[in-house]
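*Asks:* Supplied in structure tokens, the structure appears directly below.
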Amino acid sequence: KAGVTQTPRYLIKTRGQQVTLSCSPISGHRSVSWYQQTPGQGLQFLFEYFSETQRNKGNFPGRFSGRQFSNSRSEMNVSTLELGDSALYLCASSMGLGIHETQYFGPGTRLLVL
Amino acid sequence: SQQGEEDPQALSIQEGENATMNCSYKTSINNLQWYRQNSGRGLVHLILIRSNEREKHSGRLRVTLDTSKKSSSLLITASRAADTASYFCATPEIKAAGNKLTFGGGTRVLVKP
């Protein structure tokens, strides 16, 4: 089976812009979770989608949003980018809800906000 | 503060030696997971251990779980240069506001050839 894929792999944006990141889960997986990783805050949970519905949400401002399509592919959007949004954004897929199962991670999208 | 905290933050060993890292957590859990991350890449799942298990093995990896002490350990035996990576424990955090998998700060392991 193909692994989790994320596009794009690298992205440079300026403050105030918006960005959309994409994640394709492993075939058959219905859950997609998103994480932000920074040197200062480590790995932080953004949200989880299961069957096109947001099931869980981390402690991030409303500028961070996401959605999941009927084929389980997911997108994450960040509006009004700030310098502090520079990070590695990781998505992970699992068969069921992620807190009880093995999560399979993609390679990440590295976002740099200037 | 984080649900899971790894100790030590960094570890440097020679190839062939064993590496041990620990994870402590705060609330009751029904499972704990360990992941590895090579520099700047995605995480790779290593082992999931359930609360009714005390020890689990996978190749050169051995994970223990002590629910009474709310702690887990990951042992890598006969380390190799390719084991150089950051290792994270992850625990489920269940709250009324929503559930999530919480990762600790990680242990950076350097295996010197």
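The values are calculated or read from the model by the stated rules, or taken from the named source; none is laboratory data. Computed from a prediction, not measured in an experiment: that's the story for all the values here. Virtual Cβ from ideal backbone geometry, glycine too; neighbours counted across all protein chains shown.
*Asks:* Residues A:14, A:20, A:5: which one is in contact with a strand residue (DSSP E or B) (Cβ under 8 Å, 6 or more places away or on another chain) and within 13 Å of chain B (Cβ to nearest Cβ)?
*Replies:* A:5
*Asks:* Name the strands (runs of 3 or more DSSP E) wholly inside region A:10-87 in which the number of residues that are more than 28 Å from residue B:107 (Cβ to Cβ) is 2 or more.
*Replies:* In region A:10-87, A:10-13, A:19-24, A:42-50, A:53-57, A:64-68, A:74-78 are the strands (runs of 3 or more DSSP E) which contain 2 or more residues that are more than 28 Å from residue B:107 (Cβ to Cβ).
*Asks:* Also, I was wondering about something else. Enumerate the strands (runs of 3 or more DSSP E) found wholly within region B:28-72, keeping only those where 2 or more residues are facing another protein chain (nearest Cβ under 10 Å) and surrounded by fewer than 16 Cβ atoms within 10 Å (Cβ to Cβ).
*Replies:* The qualifying strands (runs of 3 or more DSSP E) are B:43-50.
*Asks:* Turning to a different aspect of this structure: Could you check region B:76-100 and list, in sequence order, the residues that are surrounded by 17 or more Cβ atoms within 10 Å (Cβ to Cβ) and under 21 Å from residue B:9 (Cβ atoms)?
*Replies:* B:76, B:79, B:83, B:84, B:85, B:86, B:87, B:88, B:89, B:90, B:91
*Asks:* Here is a further query. How about region A:58-114: which of its residues are β-branched (Val, Ile, Thr) and at pLDDT 95 or above?
*Replies:* Hits for region A:58-114 are A:78, A:80, A:109, A:113.
*Asks:* List the number of the failed condition for residue A:80; all other conditions in (1) at positive phi; (2) buried (at least 19 other Cβ atoms within 10 Å of the Cβ) hold.
*Replies:* With respect to (1) at positive phi; (2) buried (at least 19 other Cβ atoms within 10 Å of the Cβ), residue A:80 is out only on (2).
*Asks:* With the checklist (1) within 14 Å of chain A (Cβ to nearest Cβ); (2) hydrophobic (A, V, I, L, M, F, W, C); (3) in a strand (DSSP E or B); (4) crowded, with 17+ Cβ neighbours inside 10 Å in hand, flag the one item residue B:11 doesn't pass.
*Replies:* (1) is the only condition that residue B:11 fails.
*Asks:* Another one. Being without any contact (Cβ under 8 Å) to a residue 40 or more places away in the chain and either within 24 Å of residue B:5 (Cα to Cα) or out of contact with any strand residue (DSSP E or B) (no Cβ under 9 Å at 6 or more places or on another chain) (or both) is the requirement here; does residue A:33 meet it?
*Replies:* When the stated conditions are applied, residue A:33 does not pass them.
*Asks:* OK, next. Please work out which residue is nearest to residue A:89 (Cα to Cα), limiting yourself to region A:23-52 and to residues that are surrounded by fewer than 19 Cβ atoms within 10 Å (Cβ to Cβ) and within 11 Å of another protein chain (Cβ to nearest Cβ).
*Replies:* This residue is A:44.
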